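This report concerns only the one structure given below.
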Amino acid sequence: MFRKLMVMALVLGLVFTALPVRAAKPDATISIEFTTAAAGLGAAWGRGVVTYGDKTYQFQVRGIQVLAAGITRLSVNGEVYNLKNIDDLVGLYKKADPRGITFIEADRGMVVTNEKGVTLNLKAVQKGLELDLVKTGLTVRKVK
């Protein structure tokens, strides 16, 4: 009897883990223009816009690191997930564990999450550029 229950539990476990994860639709879209202090490797700061619902909001950002020599300006676009209130966009973002990010359907770029659970999937507009965070993380502030 115990053996039958164990086999049944194992089969059910395999069935449920094999079901596809449903991808979430983004709650908002985001675009950021970064500037670096010096051409090449280094931290960047910038301004961005997020479109949430039928409104567009501006914000300031800092903490992206551009891993390409000779770049002084960088454009980044992406999607915002788990945004329930526009004020939740503000915060300190750290790299997200890619194994836990199963809800993003689009191509993944640099995926970061803040302390409120808001997740950004950021991709450089320029091809061949690699993005990273400075040690302190990506900071979004002053949403207007």
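The values are calculated or read from the model by the stated rules, or taken from the named source; none is laboratory data. Predicted model only: the values in this text are computed from it and were never measured. Because the Cβ atoms are built from the backbone with ideal geometry, glycine has one as well, and the counts that use them run over all protein chains shown.
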Hits in region 86-105 (condition: touching a strand residue (DSSP E or B) at 6+ places or on another chain (Cβ under 6 Å), modelled with pLDDT under 90 and closer than 24 Å to residue 54 by Cα): 103, 104
Checking residue 117 against (1) surrounded by fewer than 16 Cβ atoms within 10 Å (Cβ to Cβ); (2) outside any loop (DSSP other than H, G, I, E, B); (3) modelled with pLDDT of 90 or more, which test does it fail? (2)
For residue 55, are the conditions met, namely being modelled with pLDDT of 95 or more and either farther than 17 Å from residue 119 by Cα or loosely packed, with under 12 Cβ neighbours inside 10 Å (or both)? yes
